1. Between beta-carbons, use under 14 Å as the cut-off and find the net charge around ASN152, counting Lys and Arg +1, Asp and Glu -1.
2. Taking only the C-alpha atoms, wrap a convex hull around the range 7-62 and report its volume per residue in Å³ as a whole number.
3. What's the FRET efficiency of THR220 with GLN352 using the Cβ-Cβ distance as r and R₀ = 30 Å, to the nearest 0.05?
4. What are the ³J(HN,Hα) couplings of the range 391-403, residue after residue, when phi is run through the Karplus curve with 6.51, -1.76, 1.60 and θ = phi - 60°? Round to Hz, x for glycine and proline.
5. State, to one decimal in nm, how far the label point of ARG8 lies from the label point of ALA448, with both points 7 Å from Cα in the Cβ direction.
6. Taking the Cβ of LEU43 as the centre, find all other residues whose Cβ is under 14 Å away and add up their charges (Lys, Arg: +1; Asp, Glu: -1).
7. Just the number please: accessible area per residue for the range 55-144, 1.4 Å probe, all protein chains included, in Å².
8. If amide hydrogens are placed 1.01 Å from N in the peptide plane, which non-local residues have theirs closer than 5 Å to the one on TRP216?
Amino acid sequence: FRGYCSRRLRRLRKTLNFKMGNRHKFTGKKVTEEILSDNRYLLLILMDAERAWSYAMQLKQEANTEPRKRFHLLSRLRKAVKHAEELERLCESNRVDAKTKLEAQAYMAYLTGMLRFEHQEWKAAMEAFNKCKTIYEKLANAFTEEQAVLYNQRVEEISPNIRYCAYNIGDQSAMNELMQMRLRSGGTEGLLAEKLEALITQTRAKQAATMSEVEWRGRTVPVKIDKVRIFLLGLADNEAAIAQAENEETKERLFESLLSECRDAIQAVREELKPDQKQREHSLENDSGKVSNIQYLHSYLTYIKLSTAIKRNESMAKSLQKALLQQQRSDEDGKRSPRPQDLIRLYDIILQNLVELTQLPGLEEDKNFQKEIGLKTLVYKAYRCFFIAQSYVLVKKWSEALVLYERVLKYAREVQSGAGAHRNSLKELPDVQELITQVNAEKYSLQAAAILDANDPHETESPSQVKDGKPLSERFETFCLDPSLVSKQVSLVHFPPGFQPIPCKPLFFDLALNHVAFPPLEDKVEQKAKSGLTGYIKGIFGFKS
């Protein structure tokens, strides 16, 4: 955006012939009331302010890793405020209409509030933001609904900053309003995003000073790690926020935030466990298998993490079930629609988390806990089998689907018979009775579909469904509607072709050669030349014998 503002400034100066000198010398010019014959002169000042503000926002991100850039950030914000003051002064001219004057005043108040906000001058920032909000609200009431949408949007962007300033001034009721902002779909953005998270953590840290222990399943464990205290204090608030979430996107974001905090707390406990290894082994021997307090705290945090992961996957499964049901009703084409296989994968992950819960140190001898996890496992196994059966129904494997439906009923009846005193722990789980009713209805539908499928001769004898794997060159005499012939993987011939036997080249053995008597050839062979000195001399002078 900063680059866009620079290019826009260059185009405006070139169009208005408002150049700052030439390439050799800089000559500064200022926009005055006398030259306000064109409204584009006001855009020059506005683009200067926007460029400075956008550079400040860029430095805001870079200051997270380079703290020295915060000084440059404040300098750019002051520059933006200076340009905004000049814009407001020019808009006081009689050539400017009332709407533009009010917008310039609101813009000036907003940038001033941003600068005071960064300087942590909460009272001055709140006054500037309130002035900006009041102007935008009046403008929204004065114009049509289409124009009012933009002004109301600006009001919504400013309101969180006002609440944050009010809290820092001392208004404790503003904290509740800031917490409610996390439940919105988009959360908070801009300068307030990280400050709000830091504020929540700071508030919990103050409360954590009074927290010294936690009780879980009849055992009280001291909590000495500050990060764990902060996490446990915010656990109830996070769970309440998830329950009040307006849509699935917000709920998923809050689940991920809670899991991230839980992982950080578990890591802090693990660091305390490492130097305490020998002491824990000694305590196990003395306490007859009873785990140490720090190990039990680790088990508690792991239980929270796995339980939260199960709730998140169950929430995703419910949304997929709704989408699957809507798809069956509408049968619309377009983007990728959910399938039963997606739900099977989610329930596999849930069952794996339940297996990990049964292996937590310190809970192996807790019979009630093991019984609760066993019942929950049966519930999720029933739902997993149900969606596996649904996937078999889609490919018309009626017998396999029917067997799986019977398995679902078996699991459901085991849950109902074994619930007893554990009904309270099963309240948050999916309703098993509703699953039994649905399975019974699906069984009748499946039996009817199987009978209709068996009595349909066209379905069984149609040549278009015969897939023998033969290429086209081998079935010229057989009519078959093969859709693969117009696809990219058409089968015309076997390639590469198979090997065929051919006769090999014969081997020749000359057996008669050993029995042939050849005629003498001595008379035809030239006698060997005489050797010695005489023969050598004759050879030199060319004499032959």
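1. -2
2. On the way: hull volume 5.7 nm³, N = 56.
Here the figure is 102 Å³ per residue.
3. Working: r = 31 Å, r/R0 = 1.02.
My answer for the efficiency is 0.45.
4. After applying 6.51 cos²θ - 1.76 cosθ + 1.60, I find 5, 5, 5, 5, 9, 6, 9, 5, 5, 5, 5, 5, 5 Hz.
5. About 6.4 nm separates the two model spin labels.
6. Combined, the nearby Lys, Arg, Asp and Glu give +3.
7. So the range 55-144 comes to 55 Å² accessible per residue, rounded to a whole number.
8. Correct list: VAL221.
The values are calculated or read from the model by the stated rules, or taken from the named source; none is laboratory data. Note that this is a predicted model, so its numbers are computed, not measured. Positions of Cβ are generated from backbone atoms using ideal geometry, with glycine treated the same way; all protein chains shown enter the neighbour counts. Remember, those area values only see protein heavy atoms, side chains included, never the ligands or the DNA or RNA. Shrake-Rupley method; radii C 1.70, N 1.55, O 1.52, S 1.80 Å.
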